[in-house]
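Worksheet: the structure to be examined is printed underneath.
The values are calculated or read from the model by the stated rules, or taken from the named source; none is laboratory data. Note that the structure is predicted; figures quoted are calculated from it, not measured. We place every Cβ from the backbone using ideal geometry, glycine too, and count neighbours over all the protein chains shown. Areas reflect the complete protein model, heavy atoms only, side chains present, ligands, DNA and RNA absent. Shrake-Rupley method; radii C 1.70, N 1.55, O 1.52, S 1.80 Å.
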Amino acid sequence: LKRGSGMIRSIGVMVAAVALSGCAMNAPQYSARMDNVIKLKDAQFRDAKVADFSSLPAKDNANPISLRGSSLESPYGKSYSAYLTEAIKQELTLAGKYSQASNVEISGELQRNDLNAGSITTGDGFIAARIVVKKDGQVAYDQVKSATITWPSSFAGPVAIPAAAQSYPKLVQTLLDTLFSDKAFLDALK
C-alpha cells in the first residue's frame, strides 16, 4: 500500500507539472527600487513626465514571454512597453519628480525583452530600450540602454517558471538603474 500511494503522489506531481506548463500568468507588478528612487531624488532636475513607450516588433522582444510552454503577460494592458512606462512613472513619483505638466518628457521604445527559463541551473533575462528625453519638444537625449540578469533555476518546470516570472521586475529595475546612473540622462532632465 505504501508503494502504491507513493506512485499516486508521483503521478499527481506530474499532472500538476503538465497543467502548469500550458497556462498563462501575469508578471508581478512593478515595485520601485529604493536605490533608483534615491538617485532620482538626489539628481538636480525639477520634474519630468512620461509618455507611453512603444514596442519594436522583433523576435527577441517577446509579448507575451514564453516560459517552457507557459506564457507570461504584462499586468499593464498585456504590454511590456506599458510595463516600462509604469516603472519609470513609479520611480519618478516616489522621488517626487513626476509631473504631467512638465516640459521635460521621457519616452522611448522597448526593443528587446525576454526571459529564459530553459536551463536546469540558471535562468537569464535581457531587456533593451531606446530612451528619449525631450525638452520643449526638442530631443535632449536619445540612447539605447540594456540590462541582463541571472537567477537560480531548476529542471522542474513548477520551480523554474515562477522563478523566471518573479525575476522580471528585477530585470526592469536593473535597466532603470543603468539609465539613472547615466549622467547624460540626468543632465538632459535639467
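Keeping all protein chains in place and using 1.4 angstrom, which order do 25, 34 fall into by accessible surface area, from largest down? Write down the numbers at each step before the final one.
Values: 25 55, 34 120 Å².
So, going from the largest accessible area down, we get 34, 25.
Which one, 171, 102, 128, projects farthest toward the positive side of the charge dipole computed for the chain from Cβ point charges (K/R +1, D/E -1)?
Going by the charge dipole, the pick is 171.
As a check on your grasp of the helix formula, calculate [θ] at 222 nm for the chain: sum -39500 (n - 2.57) over DSSP H runs of n ≥ 4, divide by the residue count, round to the nearest 500.
-12500 deg cm²/dmol
Once both labels are modelled 7 Å past Cα along the beta-carbon direction, what's the residue 121-residue 25 spacing in nm?
For the pair residue 121/residue 25, the computed spacing is 2.4 nm.
Could you check the spin-label model distance between residue 144 and residue 159? Points 7 Å from the Cα along Cα→Cβ, value in nm.
Using points 7 Å along Cα→Cβ, the separation is 3.6 nm.
Leaving out ligands and nucleic acids, note down the accessible area per residue over the chain with a 1.4 angstrom probe, in whole Å². Each step should come with its number before you reach the end.
Values: 9680 Å² over 190 residues.
Using a 1.4 Å probe on heavy atoms only, each residue of the chain averages 51 Å².
Evaluate the relative contact order of segment 90-190 (contact order divided by residue number), counting alpha-carbon pairs under 8 angstrom at least 6 apart; express in whole percent.
24
Under a point spin-label approximation (7 Å from Cα along Cα-to-Cβ), what is the residue 56-residue 183 distance to one decimal in nm?
Calculated label separation equals 2.7 nm.
Quick one: putting +1 on the C-beta of Lys and Arg, -1 on the C-beta of Asp and Glu, what dipole do you get for the chain around its Cα centre, in Debye to the nearest 20?
Details: 21 positive and 17 negative charges, 114 e Å.
The calculated dipole for the chain is roughly 540 debye.
Tell me, how many Å apart are the Cα centres for segment 166-190 and for segment 94-162?
8
Please compare each pair in 134/170; 41/78; 39/190; 39/170; 97/135; 59/183 to a cut-off of 20 Å on the Cα-Cα distance and tell me which ones are over it.
Pairs exceeding the cut-off: 134/170; 41/78; 59/183.
Once the piece of chain linking residue 99 and residue 71 is laid out straight, how much longer is it, given 0.36 nm per residue of separation minus the C-alpha distance between them?
6.6 nm
Could you give the radius of gyration (one decimal) and Dmax (whole number) of the Cα atoms in the chain, in Å?
19.7, 77
Which peptide among 159-171, 36-48, 133-145 comes first, and what is the full order, when sorted by highest mean count of other Cβ atoms within 10 Å?
Highest-to-lowest ranking by the protection proxy: 159-171, 36-48, 133-145.
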